[in-house]
Amino acid sequence: MTVMNEMIPAQAAAPPARLGRVLGDAARSAWDRLGLLLGVSFTWMAALSAPLSLERALPRGTPGVAHLAFIAAIPLFTAAPTAGAFALAHRIASHREAAYGDLWRDGVAHFGAALRLQYAQVAVTSLLVTALVFYARIPAWPARAAVSLCGYVLLLWLMMLAVQWPLFILQESGALDDADRRARRGAIAAIRRSAFLALGRPFFSAALLAAAALITVAMAATAVLPAILWAGVMAMLTTIATRALLVEYGVLPPPPAQEPVPDLQFRIGDTAARRP
């Protein structure tokens, strides 16, 4: 899918993305598939904990490079579960069948590109945070300007991160393909598309980031929910938000209208009329 196609204004029938609607849809989807999201979150947290546990189990006196090696290997453990979690969220958001086995099936299928995306995310985030901390320790006024610049760039990057994984799954699954052209795949394509979405609706993206942060803080206060629910909820929330943005830009078709079914359609018949 070309850049111009991604930034086409929404058609009249396409509803604009609204955070309130996104939160409501995400809450309903998460509640309907709560058991599945619990399994997804627990799996993702276990994958994250494995290299950290191995690093802590190293004997005392182990060279620091060995500790760094285990920490650097975290994406090797989490790339497949992360891609699988967002693939499941994509299945749920598009009203398709979703099962726990799809987590590993889709995660393994996208492992290579997902690993590159995760390492790119870690590298850029680490670079921006390091630059921000470095300039914050310098009292000169040019450093203050650099801090402001790094802060704005970091905020933009975090807004991009909120939609990168859903975009990655959409492009890898072919949902962004045109009839006569295949959308670009890979980590760089997902990062590039996330920049267009974040800059196209900056206030929506910032509000989505703030909502995700508030949900994360609320879960962290319980000390239990992050391990059993955080990954699944974040995948569901950001996937639905990303799809809403793409619908607004006309990249995805609007969701089908769901109208309430009249009660008369559930009546089997007038039993009184059938009595002899």
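Just so it is clear, none of the values below were taken in a lab; they were calculated from the coordinates. Since the model is a prediction, treat every value here as computed from it, not as a measurement. Glycine also receives a Cβ, built like all others from the backbone with ideal geometry; neighbour counts cover every protein chain displayed.
Overview of results
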| read-out | value |
| --- | --- |
| Pairwise label distance in nanometres, residue 134 with residue 224, each label 7 Å out on the Cα-Cβ vector | 4.4 |
| Mean separation of Cα contacts under 8 Å (6+ apart) over length of the stretch 35-172, as relative contact order % | 22 |
| Rounded to whole Hz, the Karplus (6.51, -1.76, 1.60) HN-Hα couplings of the stretch 123-140, x for glycine and proline | 5, 5, 4, 4, 5, 5, 5, 4, 5, 5, 5, 4, 6, 5, 8, 9, x, 5 |
| Surrounding net charge for residue 186, when Lys and Arg each add one and Asp and Glu each subtract one, Cβ distance under 10 Å | +3 |
| Residue 122-residue 57 pseudo-label distance in nm [points 7 Å out on the Cα-to-Cβ vector] | 1.9 |
| In Hz, Karplus ³J(HN,Hα) per residue of the stretch 35-51 (6.51, -1.76, 1.60; θ = phi - 60°; x = Gly, Pro) | x, 5, 5, 4, x, 5, 5, 5, 5, 5, 5, 5, 5, 5, 6, 4, x |
| Other-chain or far-sequence residues with amide H under 5 Å of residue 250's (modelled H) | 11 |
| For the chain: relative contact order, % (alpha-carbon pairs under 8 angstrom, 6 or more apart) | 34 |
| Global form of the stretch 12-256, assessed from the alpha-carbon gyration tensor, a/c cut-off 1.5 | oblate |
| Ranked list, fewest to most other Cβ atoms within 10 Å of each Cβ, for 230, 104, 44 | 104, 230, 44 |
| Dipole magnitude (debye, nearest 20) for the chain, charges at Cβ of Lys, Arg, Asp, Glu | 340 |
